Amino acid sequence: MVDGECFWPEKVSVGEVVYPPGGTFGPRQQRNLQLVMVRSGHLTVWIDGMPRTATANTVGVLFPGHEERFAFAEESETWYSWLHVFRPQFPETLLHRLNQLPWPLPLSPAMSDLTREALALRQSPLPTATELLKSLAVQMLWRYIGEGELQMNGTTAPLDLAVEHARRFISVHLTEPLTLDTIAAAAAVSPAHLIRLFRAQLNTTPMNYLWERRVAMGIELLLQTGLGVGEIANSCGFQTSQHFSRRVRQATGLTPLEVREQSWQGR
C-alpha cells in the first residue's frame, strides 16, 4: 500500500546484456521506473545531460520522463541487468522516497538473488509467471528503498559483501554440518579475515552467528510445532538434543519444554 492504494505494476520486463568495451546506448526517453544492476565493468548514464556513474556490484534507479544516454567501460566488458516497471502513474510518495536515496547503492546478495529469480521467469512455463514477475518487481523496489534508507539514515552501515555472502550461505545451509573454513570459502575470504569482519560489523564471530541462527530456528519450531525436542535438534543442525537444550537455556534461561510451555500457556 502506498498513499492508501495498492501499488501493483501494469507491466514488468527484465533482462541482461553484456556491452563490449567502449559501448554506448541512447539517447532515449525513459518511459519506465527502472532498476539497473551492474554486475561487472561500469557505466555512466547522462540523465537530462547530468552524468551519474555506477560501478560493478551496484544498483541504481532511473525515473520515467527523462532523456538518458549511456556509455560503458572503455577497458572491459560491462555486464548489467535491468528491471522495467510500468504503470501510467506512480504514487508520489514512492517516487519521493526513491529520489531521496544515494545513487547508486551497493548490490546486496539479497537484491542479486531477486534479480536472478526475475531473470529465470523469462523462460518459466508457469501460467502465473507474469504475476510472479510483478510480485518480484514490487519486492525489488521496496528492498531498494529499504536498503537505501538504512544507508542514508545511518541506522546501519552496508555490510561487507563477504559478510553478506557468509550470512546468506549460513541461512541456506543452516541444517547442514558447517565449519568456519566452509563458510569462509563460500564468502571467498580467509577464515581469519571473516572473523575480523564479523566482529567489526556484527559484534560476533561466524560460528557464534551460526549457532544463534540455529537456536532461533529451534525456538521457532518449539513455539509453532509439536515436534519433539530431539527432532527439532536434528532438523536445526544440532548433533544431540543435549547440545540443543544447553544452547536454548543459555539463550533464554529455560529448557526447550519450558519455552514451549510458557508460549502455549500464554505467559
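Quick rundown of the values:
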quantity	calculated
Qualifying residue in segment 116-127 (condition: more than 19 Å from the chain's Cα centre (by Cα), part of a helix (DSSP H, G or I), free of Cβ contacts under 8 Å to residues at least 40 places away in the same chain and within 30 Å of Phe63 (Cβ to Cβ))	yes
Long-range neighbours under 7 Å by Cβ, at least six apart or interchain, first residue assigned to a strand (DSSP E or B) within segment 80-94, second charged (D, E, K, R)	Tyr80/Glu16; Tyr80/Arg39; Ser81/Glu16; Ser81/Arg39; Phe86/Glu10; Phe86/Lys11; Phe86/Arg31
Residue check for Ser112: in contact (Cβ under 8 Å) with a residue 40 or more places away in the chain, under 21 Å from the mean Cα position of the chain (by Cα) and surrounded by 12 or more Cβ atoms within 10 Å (Cβ to Cβ)	yes
Any chance Gly253 is touching a helix residue (DSSP H, G or I) at 6+ places or on another chain (Cβ under 7 Å) and either on the phi > 0 side of the Ramachandran plot or of a type outside the set (Phe, Trp, Tyr) (or both)	no
Of residues in segment 2-38 being modelled with pLDDT under 90 and either under 21 Å from the mean Cα position of the chain (by Cα) or of a type in the set (Val, Ile, Thr) (or both), the one nearest to Glu131 (Cα to Cα)	Trp8
Enumeration of residues in segment 40-67 that are part of a strand (DSSP E or B) and open to solvent by 40 Å² or more (accessible area, probe 1.4 Å)	Ser40, His42, Trp46, Met50, Pro51, Arg52, Thr53, Thr55, Glu67
Residues satisfying the stated conditions in segment 21-38, i.e. assigned to a strand (DSSP E or B) and crowded, with 17+ Cβ neighbours inside 10 Å	Leu33, Gln34, Leu35, Val36, Met37, Val38
Which numbered condition Arg167 fails, given (1) open to solvent by 70 Å² or more (accessible area, probe 1.4 Å); (2) charged (D, E, K, R); (3) at pLDDT 90 or above	(3)
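The values are calculated or read from the model by the stated rules, or taken from the named source; none is laboratory data. Small disclaimer: the values here were computed from a predicted structure and weren't measured. Every residue, glycine as well, gets a Cβ built from its backbone with ideal geometry; the counts of neighbours run over all protein chains shown. When the accessible area is computed, the model is the full protein with side chains, heavy atoms only, and any ligands, DNA or RNA have been set aside. Shrake-Rupley method; radii C 1.70, N 1.55, O 1.52, S 1.80 Å.
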